[in-house]
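The values are calculated or read from the model by the stated rules, or taken from the named source; none is laboratory data. What you are looking at is a predicted structure, and each value in this text was computed from that prediction instead of being measured. All Cβ positions, glycine included, derive from the backbone under ideal geometry; neighbour counts span all protein chains shown. When the accessible area is computed, the model is the full protein with side chains, heavy atoms only, and any ligands, DNA or RNA have been set aside. Shrake-Rupley method; radii C 1.70, N 1.55, O 1.52, S 1.80 Å.
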Amino acid sequence: MAAPARRVALVTGGGRGIGREIALALARDGLDVAVGARTREQVEDVAAAARVLGGRALALELDVTDLEGIRRAVARTETALGPVDVLVNNAGIAEAAPFLKTDPDLWDRHLRVNATGPFLLTRAVLAGMLERRWGRVINIASLVGLYGAPYVTAYTASKHALVGLTRALALEVAARGVTVNAICPGYVATDLVWSAARNIEAKTGRSFDEAVASLARINPGGRLIEPAEVAAVALKLVWDDATNGEAIVLDGSAPA
Ligand code: NAD
């Protein structure tokens, strides 16, 4: 009997932080992974680390705001690894600004990267998933995809849009072998939080460590979440046929 085909995953923004952790967790669990990011260097490293874990891996230059680039990246993945079974829409940006300093460019940038990017990527792979009657779309949203927070209107609106996309599409594809879910973490220990802390440091005169601690305290669990905890939830979603349309909260309440 032929060996079952290996599942193929495509992870956006996979060069560092949560995306890197998810790509490596998937590789460790036996998936072949295409890792996309705007700069090749970081994803080359992640792809090399994924190969060490035993699977096939591909480093892709991929800007999630570039439709042609998305088409090329999906085609390259299909040629090198096979059709995409698991799409992880992880790439994201987060810039804080009071509402009156949120200019239209900042607003558009957040919607383009955090909401339209996942929309375009999902459109590029969904038909194949439905044809094969197996697929996973995992959207890395945020707690602010579900609740409000001050000084991040554009980010909050873009993550609400991503959760909305998740819930609507999940219903549309239900019972066809494809699930669509969102993971909604609070503050996670990555560059995104370090740069928010530097911003607080510059604006308030508080130290970097105090700024990080103040962000950690906002999480209901009172601590930063580790990227590996997000990756563990993503992995569960890959192997779970039954969870669909969920926005899974990760708030640091589990013991670290
Ligand atoms: P990060 O800044 O380390 O990672 C974001 C990644 O997205 C980077 O690799 C970046 O290069 C990439 N990216 C940005 N714009 C892109 C574009 N146009 N095309 C392709 N890639 C692009 O931060 P992270 O914490 O690892 O963030 C990963 C995801 O998790 C993001 O969607 C973020 O909103 C979400 N998230 C993060 C936190 C947190 O506190 N760190 C909390 C909730 C949700």
## Note on the structure
In segment 121-155, anything within 14 Å of the chain's Cα centre (by Cα) and either charged (D, E, K, R) or more than 9 Å from the ligand (Cβ to nearest atom) (or both) is listed as 121, 122, 136, 137, 138
### Message
When the residues of segment 12-34 are narrowed to those that are outside any helix (DSSP H, G or I) and more than 10 Å from the ligand (Cβ to nearest atom), which ends up farthest from the chain's Cα centre (by Cα)?
### Response
30
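Let's see how each residue does on (1) assigned by TED's automatic domain parsing to the domain that holds residue 159; (2) in contact (Cβ under 8 Å) with a residue 40 or more places away in the chain:
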residue: 214; (1), (2): no, no
residue: 230; (1), (2): yes, yes
residue: 237; (1), (2): yes, yes
residue: 251; (1), (2): no, yes
residue: 256; (1), (2): no, no
## Note on the structure
residue 75 passes all but one of the listed conditions (1) without any contact (Cβ under 8 Å) to a residue 24 or more places away in the chain; (2) in contact with a strand residue (DSSP E or B) (Cβ under 7 Å, 6 or more places away or on another chain); the exception is number (2)
### Message
With the requirement that a residue be open to solvent by 20 Å² or more (accessible area, probe 1.4 Å), assigned to a helix (DSSP H, G or I) and touching a helix residue (DSSP H, G or I) at 6+ places or on another chain (Cβ under 8 Å), what does segment 52-77 give you?
### Response
67, 71
### Query
Of (1) away from the ligand (no atom under 16 Å from the Cβ); (2) touching a residue at least 24 places away in the same chain (Cβ under 8 Å); (3) not charged (D, E, K, R), residue 218 satisfies all except one. Which?
(1)
### Query
Could you give every pair whose Cβ atoms fall below 7 Å, whose first residue belongs to segment 180-201 and is free of Cβ contacts under 8 Å to residues at least 24 places away in the same chain and open to solvent by 20 Å² or more (accessible area, probe 1.4 Å), and whose second residue is more than 10 Å from the ligand (Cβ to nearest atom) and basic (Lys, Arg), counting only separations of at least 6 or pairs across chains?
200/206
### Query
Just one of 58, 100, 53 is away from the ligand (no atom under 16 Å from the Cβ), under 26 Å from residue 240 (Cβ atoms) and over 16 Å from the mean Cα position of the chain (by Cα); which is it?
53
### Task
Scan segment 84-97 residue by residue and report those that are open to solvent by 60 Å² or more (accessible area, probe 1.4 Å) and more than 16 Å from the ligand (Cβ to nearest atom).
none
